[in-house]
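Here's the structure we're looking at; comments come further down.
The values are calculated or read from the model by the stated rules, or taken from the named source; none is laboratory data. Owing to the predicted nature of the structure, the values given are computational and were not obtained by experimental measurement. Cβ: placed from backbone, ideal geometry, glycine included. Neighbour counts: every protein chain shown. Heavy atoms of the whole protein, side chains included, go into the accessibility calculation; ligands, DNA and RNA do not. Shrake-Rupley method; radii C 1.70, N 1.55, O 1.52, S 1.80 Å.
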Amino acid sequence: MTVTQAARRAAMGAAVIAASLTTASATYAEGLDLSGKTVEFVIPFSESGGSAKWANFYAPLLSEALPGNPTVVVKYMPGAGSTKGANWFQKQTFEETQGTVIFGSSGSTQFPYLLGDPRVRYEYGDWNVVLASGTGGVAFLPPEIAKKMNGLDASGLAGINFIWGSQGATRLDLVPLLAWQMLGMSVEPIFGIKGRGDGRLMFERGEANIDYQTSAAYLKGVVPLVESGQAVPMMSWGALDDDGNIVRDPTFPDIPSFKEVCEATPACKTEGEAWDAWKAFFTAGFPAQKMVFLPKGATEEAMETYTAAFDAIIARPDFPKMSEATLGVYPQVTGKKADRTLKLGTVVNAEAKAYVVKWLEDTYGVTLK
């Protein structure tokens, strides 16, 4: 399926969901009855980015699958590159919320934690993961600039002054920032946007001449720009195969991966400290990109209830079609697999961390010591 077809399916997503919702057949742990309750699905970003698309995809399905069919509403809590919302969630307890608050984390929440950002007041070890979602990302350019690439060779972009809207250098945005620098590009980030959707809007208004979006936001918000001739995909970040190698993203099989572009660009190397650091943070940020948590103190009963609800959603016959159109082709996992994904997203090796910490200080004056 092409990206265009995926986008067209996405447009029908709401109708498909409404037409196909049925009572989940899973057997839930007895006792956690959410009848008449409202569950707040808190996202630490604005309503225009990929996390918002992901949460709004799952919210109506989760409402149908949870016992008692509670109303599930997505609540946005942007600020400080997602650390504001994460710090708030750290203060929540299951004893106080009783299953009515869940939190959607992103790679941009994980990276400050991994890097020891002083604004972090949250501890992933206190939270309880019930769903983990992989995703990807695509960088794109205005058509007149995209023409300067020679096939996959990005050398022609080296003399251009790029402007880019960024949430911050210690967020998930460090993956594209480091990639573009490795390609010999000069990209000046405008830090402080509250979500990647705001970066896309800067691109649309001509205030930025490069951008990237995670898969859900790319499918919904950027594919129309590509179809109308306003944007050209440059590369995806790729995906990991079973052996841990970077391969093309299965959601965007016609778009080259960063590894392919790097191999074709003389200034870029797919070995050495920079590549190893980029790959380590890509791995932490994208295959383990988005996760749903219950707050600290969650009971085994609550964990089983939410896990069973997400399992029932994933097992729906129509789920592959709906999720591909909205989220892309990526694993959606629960239980022990979600636990492993959490570890993948919250641990990087010391060498990669040291390289990135020094790179952030040297390049952007960000001190994390």
- Item | Whole-Å distance, taken between Cα centres, linking the stretch 323-363 and the stretch 196-234 | 23 Å
- Item | trypsin sites (Lys or Arg not before Pro) lying in DSSP loop within the stretch 114-176, provided at most 16 other Cβ fall within 10 Å | 119, 121, 147, 148
- Item | Rg to Rh quotient for the stretch 97-202, alpha carbon positions, Kirkwood Rh | 1.06
- Query: Non-local amide H neighbours of residue 296 (under 5 Å, H modeled in plane, Pro and chain starts lacking H): which ones?
  - Reply: 94
- Query: Using alpha-carbon pairs under 8 Å, 6+ residues apart, how would you state the relative contact order of the chain in percent?
  - Reply: 27 percent
- Query: Looking only at GluC sites (Glu not before Pro) in DSSP loops with at most 10 other Cβ atoms within 10 Å, what is the longest site-free stretch of the chain?
  - Reply: 31-270
- So who's got an amide H within less than 5 Å of the one on residue 234, skipping anything under 5 residues away but keeping other chains? H placed 1.01 Å off N, in plane. 139, 140, 141
- Message: If you count only protein heavy atoms with a 1.4 Å probe, what accessible area per residue comes out for the stretch 225-369, rounded to a whole Å²?
- Response: 45 Å²
- Net charge near residue 254, counting Lys/Arg +1 and Asp/Glu -1 over other residues with Cβ under 13 Å of its Cβ? -1
- Give me the percent of the accessible area of the chain that comes from carbon and sulfur atoms, probe 1.4 Å, all protein chains in place. 50 percent
- Taking θ as phi - 60°, what are the ³J(HN,Hα) couplings along the stretch 110-126 by the Karplus curve (6.51, -1.76, 1.60), each to the nearest whole Hz, with x for Gly and Pro? 6, 5, x, 5, 5, 8, x, 4, x, 7, 6, 10, 10, 9, 4, x, 8
- Message: Under 5 Å between amide hydrogens, which residues at least 5 positions from residue 166 or on another chain qualify, with H placed 1.01 Å from N in the peptide plane?
- Response: 190, 191, 192, 193
- Counting only DSSP beta bridges with both residues in the chain, tell me the antiparallel percent, nearest 5. 55 percent
- Helix-only CD estimate at 222 nm, as mean residue ellipticity for the chain, using -39500 (n - 2.57) per DSSP H run (n ≥ 4): -12000 deg cm²/dmol
- Note on the structure: Note on the stretch 129-244, DSSP bridge orientation, antiparallel percent to nearest 5 equals 60 percent
- Percent of Cα pairs exceeding the 25 Å cut-off, where the set is the chain: 52 percent
- Cα centroids of the stretch 87-125 and the stretch 295-309: how far apart, whole angstrom? 16 Å
- Message: At a threshold of 8 angstrom on Cα-Cα distance, excluding pairs fewer than six apart, so keeping six or more, what relative contact order does the stretch 265-353 reach in percent?
- Response: 57 percent
- Once normalised by the length of the stretch 137-197, the mean sequence separation of its alpha carbon contacts under 8 Å that are 6 or more apart gives a contact order in percent of 35 percent
- Item | Estimated vicinal HN-Hα couplings, Hz - the stretch 73-81 in sequence order (Karplus 6.51, -1.76, 1.60; Gly, Pro = x) | 10, 8, 10, 9, 9, x, x, 6, x
- Under a point-charge model restricted to the Cβ atoms of Lys and Arg (+1) and Asp and Glu (-1), what is the dipole moment magnitude of the chain relative to its Cα centre, in debye to the nearest 20? 500 debye
- Message: In whole Hz and in residue order, list the ³J(HN,Hα) couplings for the stretch 253-269 that follow from phi through the Karplus curve 6.51 cos²θ - 1.76 cosθ + 1.60, θ = phi - 60°; x for Gly and Pro.
- Response: x, 8, 9, x, 7, 4, 4, 5, 5, 4, 4, 8, 10, x, 6, 10, 10
